[in-house]
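Participant: Pasting in a structure now, in structure tokens, and then I'll have a few things to ask.
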């Protein structure tokens, strides 16, 4: 094996091991939010490691031209996807693990698309309603 | 039996875990998380398969799955969020 194959094999094995650890976390962690945590690490570091390893093992114009945008897109889009999943999980009242101490988002977030509610209690009550 | 086959078998085991969580997720959000990891496993397995089979054109599936995974995650979590409670 040349040094390029060795470096690529190490990168691809590391990325696959990270994905396997994420699968273990998906199986064992007690909570939706903890599982989101495990999956997000695999989706960034694991995929980038595997794609970099593949690109180093067999560098061609097609492979580099296709895998470099894939790496950039994966690094850019994974945080947004995980944030959206976590927000949807909390708003669809996915249960928290029993060992959770307190929930910072316990007060429900205002609804997504509702008409702006007008205060009907006069000018004095508006200051009290803003918390 | 090269080292890539070992990694592909490992990814197959992860995909089995993903399918198990997809079937028996306690909440619907768990199924969305499992779908996200399913796309991750598919991307990694396709990239490794392009090396194993020595077919560079398979790499276009990696790029397509990257885009499709993001859009699927956003769309499904939006559906989950808009469900009436």
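All of the numbers you see were taken from the coordinates with simple rules; none came from a lab. Treat the numbers as computed from the prediction; the structure is a model and nothing was measured. Quick reminder, even Gly has a Cβ in these numbers, built from the backbone with ideal geometry, and neighbours come from all protein chains shown.
Participant: Only helical DSSP H runs with n ≥ 4 go in: add -39500 (n - 2.57) per run for chain B, normalise by residue count and round the 222 nm mean residue ellipticity to 500 deg cm²/dmol.
Facilitator: -29000 deg cm²/dmol
Participant: On a 0 to 90 degree scale, rounded to 10, what angle separates helix B:59-81 from the longest Cα axis of chain B?
Facilitator: Around 10 degrees separate the two axes.
Participant: Is the shape of the stretch A:3-93 rounded, prolate or oblate, going by the alpha carbon gyration tensor and its root eigenvalues a ≥ b ≥ c, with a/c under 1.5 for rounded and a/b larger than b/c for prolate?
Facilitator: oblate
Participant: Report, to one decimal in Å, the Kirkwood hydrodynamic radius for the protein assembly as shown based on all distinct Cα pairs.
Facilitator: Mean inverse Cα-Cα distance, inverted, gives 18.8 Å.
Participant: Could you tell me the calculated FRET efficiency between residue B:71 and residue A:6, based on Cβ-Cβ distance and R0 = 35 angstrom, to the nearest 0.05? Intermediate values should be presented prior to the final figure.
Facilitator: Working: r = 36 Å, r/R0 = 1.04.
E(calc), rounded to 0.05, equals 0.45.
Participant: I've got another one for you. Any idea what the alpha-carbon Rg over 2.2 N^0.38 Å comes to for the stretch B:3-81? It would help to have the intermediate numbers written out before the result.
Facilitator: Working: Rg = 13.9 Å, N = 79, 2.2 N^0.38 = 11.6 Å.
For the stretch B:3-81, the normalised Cα radius of gyration is 1.20.
Participant: If you take the beta carbon distance between residue A:72 and residue B:60 as r and set R0 to 22 Å, what does 1/(1 + (r/R0)^6) give as a FRET efficiency, to the nearest 0.05?
Facilitator: 0.90
Participant: In addition: Please determine, in degrees from 0 to 90 and to the nearest 10, the orientation of helix B:3-23 with respect to the longest principal axis defined by the Cα atoms of chain B, where the helix direction is its Cα long axis.
Facilitator: Taking Cα atoms only, the helix is inclined about 10 degrees.
Participant: Fewest to most neighbouring Cβ within 10 Å: what's the order for A:40, B:66?
Facilitator: Values: A:40 22, B:66 25.
Ascending number of Cβ neighbours within 10 Å: A:40, B:66.
Participant: Place a point 7 Å from Cα of residue A:29 in the direction of its Cβ. Which residues in the stretch B:18-34 have their backbone N less than 12 Å from it?
Facilitator: Flagged as within label range: B:30, B:33-34.
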